[in-house]
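The values are calculated or read from the model by the stated rules, or taken from the named source; none is laboratory data. Keep in mind the model is a prediction, meaning the values are calculated, not measured. Cβ placement follows ideal geometry from the backbone for every residue including glycine, while neighbour counts extend to all protein chains displayed. The accessibility values were calculated without ligands, DNA or RNA, using every heavy atom of the protein model including side chains. Shrake-Rupley method; radii C 1.70, N 1.55, O 1.52, S 1.80 Å.
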Amino acid sequence: MAELKNDRFLRALLNEPVDATPVWMMRQAGRYLPEYRETRAKAGDFLSLCKNKELACEVTIQPLERYDLDAAILFSDILTIPDAMGLGLYFEVGEGPRFKKIIRTEKDVADLPVPDAVTDLDYVMNAVKEIRRELNGRVPLIGFSGSPWTLATYMVEGGSSKDFRHVKQMMYATPEVMHGLLDKLAQSVTTYLNEQIRSGAQAVQIFDTWGGALSGPCYQEFSLKYMKQIVDGLIREHDGRKVPVILFTKNGGQWLEMMADTGADALGLDWTTDIGNARARVGDKVALQGNMDPSVLYAPASRIEQEVEFILGQYGNGSGHVFNLGHGIHQFVDPKQPKAFVDAVHELSAKYHQQ
Ligand code: CP3
């Protein structure tokens with residue numbers, strides 16, 4: 001494999017010195033880019049795009065051609081695992097993801113297979129290999145998965161949800177059924193991420209998008225516990241380099257100490273958490289990733305630069321910070337805007353890294 005030409009992202013995740021703060025954007029490949037919409041149209045639909053390694057590779061690289069990003073993220077989706085478990089993922093236009101089969105009962109859970117990452121999710125591994133080849137050492141490639149809890153919300157609700165009625169009913173009324181489902185998902189995610197790492201992913205992120213919808217005790221019992229089980233089972237070094245693990249619980253700012261105790265290398269922060277305060281709490285244990293409100297990208301460049309400067313100042317001197325948005329980039333952002341953001345991070349951060 002080619003030597004990495006830019007390893008700022010991996011170095012910052014491991015708290016090693018860098019010349020400038022690295023930056024990437026969650027959902028950096030996506031609908032806000034006209035070239036993405038064109039490639040998706042060529043593929044036919046979103047899932048066919050994920051399953052075609054050349055086209056998945058093409059859209060992974062698209063944002064890197066426009067912006068000076070320090071990492072690429074595999075183009076795929078967190079719902080590939082439930083799909084591989086036989087739930088039949090599809091997308092209803094304007095309504096987001098849906099499943100043909102919904103998980104509600106003890107028998108539904110008992111009948112669920114743990115997918116074989118090598119055979120059932122071969123299209124994801126083929127995309128990882130293709131992207132690594134195409135990147136040729138330009139920047140590191142991030143692999144990812146949903147957290148067991150976040151995946152369970154989609155599998156039990158049958159799609160996106162506002163109130164999590166069915167999944168919370170399962171959690172409170174039949175916790176043993178919920179645990180059975182989460183345990184199968186934790187096993188599935190572990191083998192899935194390890195196979196992404198063997199295929200070439202150089203860091204991995206666990207998206208716990210809905211952990212923040214839980215009470216503190218339920219977060220520990222139904223989300224964090226299973227993320228720790230995954231972290232414990234992951235390959236942490238591959239090809240002579242450490243493979244950092246990032247945990248991102250949206251709205252999880254109050255639980256950072258517990259998250260840092262899982263053994264993850266870095267924690268993702270949304271914009272509701274003060275990154276300086278987060279650093280004081282857990283900065284000796286983990287690196288931090290975040291945390292600009294994605295809506296700042298609707299403002300002029302001067303306002304974006306001001307916000308970048310503010311967040312860099314809150315974090316302060318030294319490594320251990322990967323700049324990012326606090327959640328995915330919105331589909332209505334003008335594709336000219338992220339350039340001001342990415343360039344501002346590199347230019348304004350250099351002064352925080354002088355030894
Ligand atoms: O970050 C990247 O650029 C990599 C690709 C990526 C996608 N989804 C592509 C995608 C990643 C990392 C994800 C993760 C994902 N998927 C999450 C966790 C992150 C988060 O945002 O909290 C979740 C909850 C999903 C589930 C999912 N997939 C939803 C809810 C939707 C519909 C969104 C909508 O607004 O309709 C998707 C589809 C999806 N995944 C799209 C993309 C680019 C849009 C599909 C399209 O082209 O129409």
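Length gained on full extension, Asn317 to His238, computed as 0.36 nm times the residue gap minus the Cα-Cα distance: 25.5 nm. Placing +1 on the Cβ of every Lys and Arg and -1 on the Cβ of every Asp and Glu, with no other charges, gives the range 272-355 a dipole of roughly 180 debye about its Cα centre. Dipole orientation for the chain: of the candidates Leu288, Ser48, Ala84, Ser48 has the Cα lying most toward the positive pole (charges on Cβ; Lys, Arg +1; Asp, Glu -1). Using the Cβ-Cβ distance between Glu65 and Gln354 with R0 set to 35 Å, the FRET efficiency from 1/(1 + (r/R0)^6) comes to roughly 0.70.
Ignoring ligands, DNA and RNA, what accessible area per residue does the chain give at 1.4 Å, in Å²?
For the chain, the solvent-accessible area averages 40 Å² per residue.
Considering only Ala127, Val23, Ser188, the residue lying farthest towards the positive end of the dipole of the range 8-353 is Ala127, judged by Cα position with unit charges set on Cβ.
Charge dipole (Cα centre; +1 on Lys/Arg Cβ, -1 on Asp/Glu Cβ; no other charges) of the chain amounts to roughly 200 debye. Dipole check for the range 1-149: with +1 at the C-beta of Lys and Arg, -1 at the C-beta of Asp and Glu, and the Cα centre as origin, the magnitude is about 200 Debye. With only Cα atoms counted, the range 22-149 has Rg and Dmax values of 15.7, 49 Å.
Most simply put, the range 8-353 has about 25% antiparallel DSSP beta bridges, counting only bridges with both residues inside it. Both radii come from the Cα set of the range 311-355: Rg as radius of gyration, Rh as Kirkwood radius; their ratio Rg/Rh reads 1.03. Just the protein heavy atoms count here, and of the accessible area of the range 1-111 at 1.4 Å, carbon and sulfur take up 46 percent. The stretch between Ser160 and Thr105 holds 17.9 nm of extra length on full extension. This uses 0.36 nm per residue minus the Cα-Cα distance. Accessible surface of the range 301-344, 1.4 Å probe: 52 percent of it comes from carbon and sulfur atoms.
Ratio of Rg to Rh for the range 55-101: 1.12 [Cα atoms; Kirkwood radius as inverse mean 1/r over pairs]. Secondary structure note: in the range 89-241, about 55% of the DSSP beta bridges are antiparallel.
Rounded to the nearest whole angstrom, the semi-axes of the ellipsoid equivalent to the chain, taken from the Cα gyration tensor as √(5λ), stand at 30, 23, 20, largest first. Stretched out straight at 0.36 nm per residue, the stretch from Ala2 to Asp19 would grow longer than its current Cα-Cα span by 3.9 nm. Spin-label model, Arg37 to Asn277: label points 7 Å out along the Cα-to-beta-carbon direction sit 3.9 nm apart. For Glu106, the solvent-accessible surface with a 1.4 Å probe is about 130 Å², rounded to the nearest 10. As a ratio to 2.2 N^0.38 Å, the alpha-carbon radius of gyration for the range 105-148 is 1.66.
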